[in-house]
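First the structure, in the form of structure tokens, and then the observations on it.
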Amino acid sequence: MARKFFVGGNWKCNGTTEEVKKIVTKLNEAEVPSEDVVEVVVSPPFVFLTLVKSLLRSDFHVAAQNCWVRKGGAFTGEVSAEMLVNLNIPWVVIGHSERRALLNESNEFVGDKVAYALSQGLKVIACIGETLEQRESGSTMTVVAAQTKAIADKVTNWENVVLAYEPVWAIGTGKVATPAQAQEVHCELRKWLHDNVGAGVAASTRIIYGGSVNGANCKELAAQPDVDGFLVGGASLKPEFIDIIKAAT
Ligand code: PEP
């Protein structure tokens, strides 16, 4: 089954109104393959979501960087899935390694969040990935399988899930995984989905790579058979994001 190439831009906790407007202007001017070929989703901080959505070209979409694990209410500082739906924000990033590490989000908590966001009608970019220590001790697959299982335990319909494999040692470090390293984990993850969820889900779920992707390394990574796109951090704030969007073609 053909999987449409997916390119997400995670702007993290960056930007002012002026900077955000400049980035959106550049994106709006860019000549990129059509929506039938590549799905583009940018993820600004919460406070800029509606501004970006109102200014952004209609063939690109927006994602929140997080949402609350259950229905909203007395949870000061949180943003609920219902609120995102109310604002017509179609996507949410869940389980980013920065949140797992800095805010102690566990596999189970991430699984619950993914399930709740999906139940409210959001589409989810679910992030998984091992630390350098885990890779060096040979436990990469055990770690990412456990992270994926915590999601699979709670999710029955994978149609609106994109799985982002983001090795922690590659995020924001400039140390990108080699195409072979990325392909190896993506292939194993697809096999895991096949064996534990089903052949259809394994064939259709997009598994994207994140971690120091840039304009120079994206083509070779995109050429790997199980790399279905990217989640891009630092480079999504720069003009080279356009080259990354074009990497599929
Ligand atoms: C990310 O934050 O998801 C990411 C992949 O960051 P970077 O591209 O900067 O490594």
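With +1 on each Lys and Arg Cβ and -1 on each Asp and Glu Cβ, how big is the dipole of the chain about its Cα centre, in debye rounded to the nearest 20? If you can, show how the numbers build up before the last one.
Values: 24 positive and 28 negative charges, 68 e Å.
For the chain, the charge dipole is close to 320 debye.
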Problem set entry | Most mobile listed residue (Gly211, Gly233, Gly77) in the chain, GNM with C-alpha springs under 10 Å | Gly77
Problem set entry | the stretch 94-105 - phi-based ³J(HN,Hα) in whole Hz, Karplus 6.51/-1.76/1.60, Gly and Pro as x | 10, x, 4, 4, 5, 6, 4, 7, 7, 10, 6, 6
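About the Cα centre of the stretch 115-249, what is the dipole size in debye to 20, counting +1 per Lys and Arg Cβ and -1 per Asp and Glu Cβ, all else neutral? Walk me through the intermediate numbers first.
Numbers: 11 positive and 14 negative charges, 55 e Å.
Rounded to the nearest 20 debye, it is 260 debye.
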Exercise. Got the relative contact order for the chain handy, in percent, Cα pairs under 8 Å and 6 or more residues apart?
Worked result: 21
Exercise. If you build a Gaussian network model of the chain, linking Cα atoms that sit under 10 Å apart, which residue out of Ala202, Ala30, Ala81 swings the most?
Worked result: Ala30
Problem set entry | For Gly9, residues with placed amide H under 5 Å, excluding near neighbours | Val41, Val42, Ser43, Val232
Seminar exercise, completed: With bins of 5 Å, the percent of all Cα-Cα pairs of the chain per bin from 0 is 1, 6, 15, 19, 21, 18, 12, 6, 1, 0
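Could you list Phe6, Phe75, Phe109 so that the one with the fewest beta carbons within 10 Å of its beta carbon is first and the one with the most is last?
Working: Phe6 20, Phe75 12, Phe109 17.
So the residues, fewest neighbours to most, are Phe75, Phe109, Phe6.
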Seminar exercise, completed: Ranking Pro44, Asn88, Asn66 by how far each Cα lies towards the positive end of the charge dipole of the chain (+1 on Lys and Arg Cβ, -1 on Asp and Glu Cβ), the top one is Asn88
Exercise. Tell me, Cys127, Cys187 in order of fewest to most beta-carbon neighbours within 10 Å?
Worked result: Cys187, Cys127
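Where does the chain land at 222 nm, in deg cm²/dmol rounded to the nearest 500, when only DSSP H runs of n ≥ 4 count, each adding -39500 (n - 2.57), divided by all residues? Before the final figure, lay out each step's value.
On the way: 11 runs with 98 residues, N = 249.
That comes out to -11000 deg cm²/dmol.
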Exercise. Based on the alpha-carbon gyration tensor of the stretch 160-222 and its eigenvalue square roots a ≥ b ≥ c, which shape applies: rounded if a/c is under 1.5, prolate if not and a/b is larger than b/c, or oblate?
Worked result: prolate
Problem set entry | Residues whose placed amide H lies under 5 Å from that of Ile125, excluding near-sequence neighbours | Val92, Val93, Ile94, Val162
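Among all lysine pairs in the stretch 115-243 that are eight or more places apart or on different chains, how many have alpha carbons less than 20 angstrom apart?
So the count works out to 7.
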Exercise. Which of Asn14, Leu193, Phe75 sits farthest toward the positive end of the charge dipole of the chain, with +1 on the Cβ of Lys and Arg and -1 on the Cβ of Asp and Glu?
Worked result: Phe75
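If you put +1 on each Lys and Arg Cβ and -1 on each Asp and Glu Cβ, how big is the dipole of the stretch 8-75 around its Cα centre, in Debye rounded to 20? It would help to have the intermediate numbers written out before the result.
On the way: 8 positive and 8 negative charges, 99 e Å.
Approximately 480 debye in magnitude.
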Problem set entry | Segment Ser58-Glu35, extension gain: residue separation times 0.36 nm, minus the distance between their alpha carbons | 7.3 nm
Problem set entry | J(HN,Hα) series, the stretch 208-217, from Karplus relation 6.51 cos²θ - 1.76 cosθ + 1.60, nearest Hz, glycine and proline x | 9, 9, x, x, 6, 6, 9, x, 8, 9
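Label the stretch 76-205 by shape, choosing from rounded, prolate and oblate, from the square roots a ≥ b ≥ c of the eigenvalues of the Cα gyration tensor; if a/c is under 1.5 it is rounded, and otherwise prolate applies when a/b is larger than b/c, oblate when it is not.
Values: a/c = 1.91, a/b = 1.32, b/c = 1.44.
Verdict is oblate for the stretch 76-205.
A short reminder: the numbers here are calculations on the coordinates, not readings from a lab. What you see is a predicted model; the values in this text were computed from it and never measured. Ideal geometry is used to build each Cβ from the backbone, glycine not excepted, and the neighbour counts take in all protein chains shown.
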